[in-house]
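Here's the structure we're looking at; comments come further down.
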Amino acid sequence: MIVTGSDDMSVRVWDERDRHAVSTYEMDYQVTSVDMNNEYVFFGGLDNTIKAVNRKKNAIEFACLGHTDTVTGVSLNAKQ
């Protein structure tokens with residue numbers, strides 16, 4: 001799976017084998033950064049927050065607040 005975010009205010013999870021989006025999340029702002037793991041899709045954008053969508057529930061489960069400007073990068077690191 002691959003995740004993308006766009007100026008069209010959407011986040012999409014793609015199946016690279018079939019070359020189509022399997023999930024789409026519509027936002028109210030442009031999305032500038034994305035990442036995902038097996039459980040969540042994380043994305044940030046012009047609203048200065050990072051949101052986490054639970055992939056099984058297909059809903060935003062929590063948000064990381066506190067940034068004072070656009071989030072331009074999201075990167076996950078597995079626990080060692």
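Every number in this text was worked out from the coordinates using simple rules, so none of it is lab data. In this text the structure is predicted, and so the values were computed from the model without any measurement. Neighbour counts run over all protein chains shown; Cβ positions are idealised from the backbone, glycine included.
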Which residues qualify? For SER23, with a placed amide H closer than 5 Å and at least 5 residues away or on another chain, they are VAL13
Over all directions, the average projected area of the alpha-carbon convex hull for the chain comes to how many nm²?
5.7 nm²
Pairs of Cα atoms under 8 Å, at least six residues apart: use those to get the relative contact order of the chain, whole percent.
22 percent
Protection-proxy order for peptides 15-22, 51-58, 64-71, each taking the mean of Cβ atoms within 10 Å per residue, highest first:
51-58, 64-71, 15-22
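Work through the residues other than ALA52 whose Cβ is under 13 Å from its Cβ and net out their charges, Lys, Arg +1 and Asp, Glu -1.
The answer is +1.
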What size of dipole, in debye to the nearest 20, comes out for the chain about its Cα centre when the only charges are +1 on Lys and Arg C-beta atoms and -1 on Asp and Glu C-beta atoms?
360 debye
Place +1 on the Cβ of every Lys and Arg and -1 on the Cβ of every Asp and Glu in the chain, take the dipole about the Cα centre, and give the residue among LEU46, THR68, VAL3 whose Cα lies farthest towards its positive end.
VAL3
Extension length gain for ASP18 and PHE62 (0.36 nm per residue less Cα distance), in nm, is 12.8 nm
